[in-house]
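The values are calculated or read from the model by the stated rules, or taken from the named source; none is laboratory data. Everything quoted here is computed from the prediction, not taken from an experiment. Here the Cβ positions follow ideal geometry from the backbone for every residue, glycine too, while neighbour counts run over all protein chains shown. Surface accessibility is based on the protein's heavy atoms, side chains included, excluding ligands, DNA and RNA. Shrake-Rupley method; radii C 1.70, N 1.55, O 1.52, S 1.80 Å.
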Amino acid sequence: MGQDVMHSALAPPRQQSRGARAHTHARAEVLRMLREDHRIAKTAFRTFDRLGEDVDAEACERIIRQTCMELELHTKLEEEVFYPAIRASLTHTGLIDDAEVEHQTMAMLLDQVRRLSPGDARQAASFRVLGEYMRLHIKEEEGDMFRQISHARVDWVRLHEDMQARRHELMADLGEQGSFATLEAREGMGLRRAFLGPSVRAGQPS
């Protein structure tokens, strides 16, 4: 019996244990959410790079339009919710500073892509440059930044809730513009089909 009392005294309270599990789960969900956005963006750029001449200009424009909306959603979510919460928990904020500057550059590239007309060779070139820049940003974010914040003193449960709420708001706003890939890709549709749409032949490899 003495051993049972000692074990009970040393064991963490059940509520604290549940809180720790919720904290760990929320942190994993926040990072999973961001990684999934990254995966969708990389898939879109990779699909665009692999398009052959047999794919029409409409399919190219669909990828560009939807990818720009995906990136707009992702960058707003990070800038408005994720980065401020992480910044408040860090002593050294250099990685957050770098990421925010990179977002400014991406915003300029996005604006340039959108200002050019569909079918303009410069639009495709600008979109590919945006893709290269985005890949570097993702590599740095999923590497150094995610490692640094993995043990940061963040209220991950609150952050996860805030990010989910803001994401739903942004998806509703962009959904009015026809953000097909954002809505469909998360429901299990193949990403290539989601970006290219029904114009892709059924027998074409994904």
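Miscellaneous remarks
- Debye log10 I(q)/I(0) for region 36-168, one point scatterer per Cα, at q = 0.09, 0.10 Å⁻¹: -0.30, -0.37
- Positive-end extreme of charge dipole, region 13-143 - chosen from Ala28, Thr75, Val113 (charges on Cβ): Ala28
- Local electrostatic count at Glu100 - Lys and Arg +1, Asp and Glu -1, tallied over other residues with Cβ under 10 Å: -4
- The residues of region 78-162 expose, per residue, 57 Å² of accessible area to a 1.4 Å probe.
- Computed packing ranks the peptides 31-44, 109-122 as 31-44, 109-122, most packed first, by mean other Cβ atoms within 10 Å.
- Length gained on full extension, His25 to Asp173, computed as 0.36 nm times the residue gap minus the Cα-Cα distance: 50.5 nm.
- Highest-first packing order for the peptide set 100-106, 63-69, 77-83 is 63-69, 77-83, 100-106, based on the mean count of other beta carbon atoms within 10 Å.
- Region 48-123 shape via C-alpha gyration tensor axes, a/c threshold 1.5: prolate
- Distance between modelled label sites at Arg115 and Gln148, nm, 7 Å Cα→Cβ extension: 3.2 nm
- Additional length obtainable on full extension of the chain from Arg32 to Glu61, 0.36 nm per residue less Cα span: 7.6 nm
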